[in-house]
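Inspection log for the structure reproduced underneath, given as structure tokens.
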């Protein structure tokens, strides 16, 4: 009787183990593909949001330039300087979520506004600038001082500069990271 009980227990254990492995085998690919899909959706929606926010921040500046054109003062240096000065002040005061900030960098590498870079000789500046100039209008991913960031950028002809809105990648993926284990340095790829 004892041998029969052990054999039955052994068969049950093997059956349960086989079922567990089958469930794991069937669910793991779904989990991984779901995680990739969630990452892609968050990336796409997050970048769309920062691109829309950047466009909304630039729009009042464009309207001021358009007003100057309508009244025939598009050549007025004083007015052009005032628009740029007030826009840079507004951009400097802009915060998007917790880590989102603005940058304005001339196409000659002059930093007009940047919380990430104090000068164009900073260690991470050239890879960032090269990415921004290559994309011109769109999304750039970069690393500065060990922090992974995403930026929506746009070339702005009146200033011959790149204007961008940047945010930490970890903040963009914060909701994702709560539910999905993250490999590496705290951000999904």
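Computed values, structure above
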| item | result |
| --- | --- |
| Qualifying residue in the range 58-80 (condition: part of a helix (DSSP H, G or I), over 17 Å from the mean Cα position of the chain (by Cα) and under 26 Å from residue 144 (Cβ atoms)) | yes |
| Filter pass, residue 120 being surrounded by 14 or more Cβ atoms within 10 Å (Cβ to Cβ) and at pLDDT below 90 | yes |
| Positions within the range 66-90 being in contact with a helix residue (DSSP H, G or I) (Cβ under 7 Å, 6 or more places away or on another chain) and under 30 Å from residue 170 (Cβ atoms), in sequence order | 87 |
| Qualifying residue in the range 33-50 (condition: under 23 Å from residue 162 (Cβ atoms) and part of a loop (DSSP other than H, G, I, E, B)) | no |
| Matching residues in the range 91-100 - criterion: being in a helix (DSSP H, G or I) and in contact with a helix residue (DSSP H, G or I) (Cβ under 9 Å, 6 or more places away or on another chain) | 91 |
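The values are calculated or read from the model by the stated rules, or taken from the named source; none is laboratory data. All of these numbers come straight from a predicted model, not from anything done at the bench. So basically every Cβ, Gly included, is an ideal-geometry build from the backbone, and we count neighbours across all protein chains shown.
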